Amino acid sequence: MFNIFQKYHILTNFPKDYPIYKKVLANIVYFLTGIIYHPRKNLLSRKDLFKARFKLRKGDIVLLGNMRETSSLLIQGVFTHAAIYIGHKRFIHAVADGVGIASLYHFFTTYDTMAILRLVQHTRHKRKIIRKAIKFAKQQIGKPYNFEFTKTKESFFCTELVNSSFKHAGYRTGIATYGHFTTFTEKIEKNITAAAKALKPDRILQGNFRVVFISHNLAFKGKKIVLLY
């Protein structure tokens, strides 16, 4: 569940004059749980911001990761959130407060990792699909967060909103919003949180989308995107 054997790198991005014993403790916690809990600024850089602003197009899916949140313990991988870019440095996403709009500034001062995904090349009626997907997402603004992770049209969790928007627009995303429990680990997760069956942000990478940008601290490892440090 924790993938502890995949995290051998050492954390070094501590605040100035941070006590040595706390550095050691922070590394132990990260090795065991994948959570970075010590105070620090988020990891997205100014260079990331410049490149992302250049790349972003309406209808892009943005995957984001906050390595400091406890949710990163249950949402395995380098991404913990998903949103749709609607232009003018704004995104529609589903968070605890409900479905709403977030700014590019908010994302770049909050999250540590980022990837931008786009419809596959040569998609027929691409503009129409994007227009309909954004329209559907906008119509959901104000609806509550789907804390129960159940199939309903009255609330959404982040990846559900993204997947539903494109499917409503007639695009075959190639991914299911709700999975099935097949392994022993997944069955254990089911008893811990209802979110275990929900579409995780990393799995959107397996859909019919292409990656056009990843932040400086990420790299491709086969078909997966991994954290460099």
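Where a number appears in this text, it was derived from the coordinates with a stated rule and is not lab data. All figures in this text were calculated on a predicted structure; none of them were measured in a lab. Don't worry about glycine lacking a Cβ; one is built from the backbone with ideal geometry, like all the others, and counts go over all protein chains shown.
Could you compute the net charge surrounding K47? Neighbours are other residues with a C-beta less than 13 Å from the C-beta of K47; K and R count +1, D and E count -1.
Counting the neighbours of K47, the net charge comes to +3.
What are the chymotrypsin sites (Phe, Trp or Tyr not before Pro) within the stretch 60-156 that DSSP puts in a loop, where the Cβ has at most 16 other Cβ atoms within 10 Å?
Loop-located and lightly packed - F147.
Taking H as built 1.01 Å from N, whose amide H comes closer than 5 Å to the amide H of G98, not counting residues under 5 places away?
Answer set, sorted by chain and number: Y145.
Work out how far the C-alpha atoms of the stretch 46-227 reach from end to end along every principal axis, then list the three figures in whole Å, largest first.
That works out to 42, 35, 32 Å along the principal axes.
Short version: ³J(HN,Hα) in whole Hz for each residue of the stretch 102-116, in order, from phi by Karplus 6.51 cos²θ - 1.76 cosθ + 1.60 (θ = phi - 60°), x for Gly and Pro, what are they?
Per residue, the Karplus-derived 3J(HN,Hα) values read 10, 9, 4, 4, 4, 5, 7, 10, 10, 9, 9, 9, 8, 9, 10 Hz.
Can you give the charge dipole size of the stretch 46-227 about its Cα centre, rounded to the nearest 20 debye, using +1 on the beta carbon of Lys and Arg and -1 on the beta carbon of Asp and Glu?
Taking the Cα centre of the stretch 46-227 as origin, the dipole is about 1160 debye.
Pick out, in residue order, every one of the trypsin sites (Lys or Arg not before Pro) in the stretch 146-179 that is DSSP loop and has at most 14 other C-beta atoms within 10 Å; say none if there are none.
Qualifying residues, ordered by number: K151, K153, R172.
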